[in-house]
Structure formats: C-alpha cells, structure tokens
Amino acid sequence: MVVRDPALPQRVRIYEVGPRDGLQNEASLVPVEVKAEFVRRLLDAGLTTVEATSFVHPRWVPQLADAAELMGRLADDLGEASRDLPVLVPNERGLDRALELGLRHVAIFGSATETFARRNLNRGLESQLEMFAPTVARARAAGLDVRAYVSMCFGDPWEGPVPVAQVVATGRRLLDLGAGQLSLGDTIGVGTAAHVTALVEAFADAGIGPDRLALHFHDTYGQALANAAAGLRAGVTTFDASAGGLGGCPYAASATGNLATEDLVWLLTGLGVEHGVDLDALVGTSTWMAERLGRPSPSAVVRALAQSAP
Ligand code: HMG
Ligand code: MG
C-alpha cells in the first residue's frame, strides 16, 4: 500500500553502483561479458544512472582491470548511450583513459580522513586534492560532468568517529575544484539516522544545499535504509545503491555491501516517491547475478520477492 508523506520529495534519482562498488570487492574475477550483461539489465530495469566501472590502477583493483574492454563492449551494444555511464577516475591517468573512450561522466573519490586517503589513494588529505585539481579542471574543460565522492563521512576504522565539520570542509574543497555533486559515503556503514540529518544540515549551514548532495550508504550494521529515509526527509534526492546489495571497498576493513537498490525501491514505492525502476526486473537481475557469484543476495527484498516469484 502507498501512503504518501507530503513532506518528502516527489521523485528521487537512484545512482546505481553495483557494477562498480559491488563488483570491485568480489573475491573472484567476474567475466567481462557477465559485467556487460549486468549493466544492460540494470538499464533495462529502468535505472537511468549506472556507474559501470573504474579507471584505477589495475594492480590496486584487479577486479576492474577490464574497464576499457567493458566500456568497448557496452559501446557496441548501447551505442552513444554507453558514453553516459559514469566511471570512477582518481587522477589524470584515469581521466585520460575515460577521455579516450569519449565518456561524459566521471567521479573522483576523496576521503574525509587522512588514514583512508593514504590507504585508498596513496596520498594524504592535502595531496589527494593536488591529484584531483588538474583532473577535475581538465574534465570540466572537456565538457565532462564530475561527481566527487567523500569517503568515511561518519566513521573511519582507523580514526574512529569523523567530525561533521571535517566532512563539510573536505566536501567544500571538492566542490571548489569544480565537482557538480558530492556523494557522501558511509564507507563502513557505522552511521545512524540523526547523524545523517546533522551532516546534511551542516552542509546546508555551509551554503551547500541537499540538491548538491547524494548519499552513499554501506549496510554493515543494517542502518543503510533507515539512513536513506533520514536523508530523504532532510531533502536529499539522489541515493546511491547497488543491485542485490553487492559491494564493499577493498581498502576499508569492515566495508560490506551497499544499500540494496531493491530495498530502497521498496521504501520509495511505499512512500509514493517516484523512482522509475521496475522492481521485478531488478530482482530478476540480482537473482541472476547472485547465481553467477555463487551466493544469495543479502537484500531482504530480493529474498522475499525471489521466493514469492511464480
Ligand atoms: P600510485 O601507486 O600512487 O600511482 O597509486 P602513481 O601516480 O604513483 O603511478 C604509479 C603507476 O601507476 C604509474 O605507472 C602510473 O601510470 C600508473 P608506471 O609509470 O609505474 O608504469 N597509474 C595508473 N594506471 C592506470 N590507471 C590509473 C593510474 N594511475 C596511475 N588511473 C592511485 C595512486 C590513485 C592510482 C591508486 O592508489 C589507485 O588506483 N587507487 C584506487 C583505489 C580504489 O579504487 N579504491 C576503491 C574505490 S573508492 C570506494 O570504493 C569508496 C566509494 O565507494 C565511496 C564510499 O563507499 O565511501 C567511492
Ligand atoms: Mg562505496
């Protein structure tokens, strides 16, 4: 049953990260043709923004070493539309690889904490920005749209709780470089609802409204959906999620899967918030992917609907 809450936004955008955040953390290498089919199925299910892969160093993330090959296959299948699939680029080398393929949306990924910046990017808090500055400037000059992730916005496995002001300061600097949107990551899933509200409000107090923000929750402690609901209530309209709840970060101890797209879709549907996704098609895709990965999806909605499927 749909019970609409008039205080909530009319519509949200789901930013699907399964093929990137989901598959980057898989123990086994997923064949490139399976990845391509995964992306195609996600688009067919109505997801309009699907982050396809990551142009990072293949030694750092071997699971996504086939990034160029995957984008080539998707260009063959989808044509021009494949260029609108966003990809991660940490630096100018990554940007060059994306530009060679004519891609139009890239995402840099910074950290709000020193330790994670070093572990994930081999750079400190300041020098990550030195790496991003020319990357964003060149991307913008080439007409690309740039998203900036901020990791460890709630807690960090090495540094503990992360002060809201520290997150806002990092976000501000990433926007000042020219990023269009900030995706605030709870990389290890330790955040809770009031913390989300406080963070979104702190950004608003700094002049950065919820329209510039996306929320990116991992579900380590089962809080991702409650946190998304808090973000929705605070006016955020872009939510990152991964089909079937795949995911994690290979450089963050205790980062498990992302908020499952199906769980988010179920919540939004019940609240009468438009999202444009065909839930049955999405569950079918996650069930198909789970078979390929050899383990069931952790998503409660996938489990419930897969069992009740005729
Ligand atoms: P580095 O070793 O310091 O790199 O790594 P470097 O700049 O010193 O270059 C060393 C060599 O790497 C050079 O080659 C470069 O050309 C090459 P050589 O001259 O030795 O032959 N190189 C590259 N090759 C391919 N693609 C590139 C690239 N860059 C340099 N882009 C680097 C620095 C940033 C590259 C490395 O630390 C890296 O790749 N890190 C990526 C880690 C990662 O992908 N983590 C997961 C994504 S983040 C995440 O999941 C969190 C998120 O979901 C949000 C959340 O949950 O919070 C987004
Ligand atoms: Mg993530």
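The values are calculated or read from the model by the stated rules, or taken from the named source; none is laboratory data. On a predicted model such as this, the values are computed, not experimentally measured, just so you know. Backbone-built Cβ (ideal geometry, glycine too); neighbour counts: all protein chains shown. Heavy atoms of the whole protein, side chains included, go into the accessibility calculation; ligands, DNA and RNA do not. Shrake-Rupley method; radii C 1.70, N 1.55, O 1.52, S 1.80 Å.
So here's what we get for this one:
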quantity: Estimated FRET transfer efficiency (A165, R11; beta-carbon r; R0 25 Å; 0.05); calculated: 0.20
quantity: Alpha-carbon centroids, region 79-123 and region 15-61: separation in whole Å; calculated: 14 Å
quantity: Percent of alpha-carbon pairs separated by more than 31 Å within the chain; calculated: 23 percent
quantity: Per residue solvent-accessible surface (Å²) - region 1-131, probe of 1.4 Å; calculated: 43 Å²
quantity: Peptides 238-246, 271-279, 196-204 ordered by average Cβ neighbours within 10 Å, highest first; calculated: 238-246, 196-204, 271-279
quantity: FRET E, pair A137, D280, Förster distance 51 Å, beta-carbon r, rounded to 0.05; calculated: 0.70
quantity: Accessible area of the chain belonging to carbon and sulfur atoms, whole % at 1.4 Å probe; calculated: 53 percent
quantity: Calculated FRET value between D145 and R172, using beta carbons and R₀ = 30 Å, to 0.05; calculated: 0.95
quantity: Cut-off 14 Å between beta-carbons: net charge of the residues surrounding E33, Lys and Arg +1, Asp and Glu -1; calculated: 0
quantity: The chain, helix-only ellipticity at 222 nm - DSSP H runs n ≥ 4, -39,500 (n - 2.57), divided by all residues, nearest 500; calculated: -13000 deg cm²/dmol
quantity: For the chain, share of DSSP beta bridges that run antiparallel, in % to the nearest 5; calculated: 10 percent
quantity: Region 104-236: relative contact order in percent, alpha carbon pairs under 8 Å with at least 6 residues between; calculated: 22 percent
quantity: Highest average packing first - 179-192, 47-60, Cβ atoms within 10 Å; calculated: 179-192, 47-60
quantity: 5 angstrom amide H check on S54, placed H, neighbours 5+ away; calculated: L88
quantity: Radius, Kirkwood style, for region 11-100 when every pair of distinct Cα atoms is counted (Å); calculated: 13.2 Å
quantity: A81 paired with V2, simple spin-label distance in nm, labels 7 Å along Cα-to-beta-carbon; calculated: 2.4 nm
quantity: Distant alpha-carbon pairs in region 104-236 (separation over 26 angstrom), percent; calculated: 18 percent
quantity: Label-point separation, E126 to A194 (7 Å along Cα→Cβ), nm; calculated: 3.7 nm
quantity: Ratio of Rg to Rh over region 128-182 (Cα coordinates, Kirkwood Rh, two decimals); calculated: 1.05
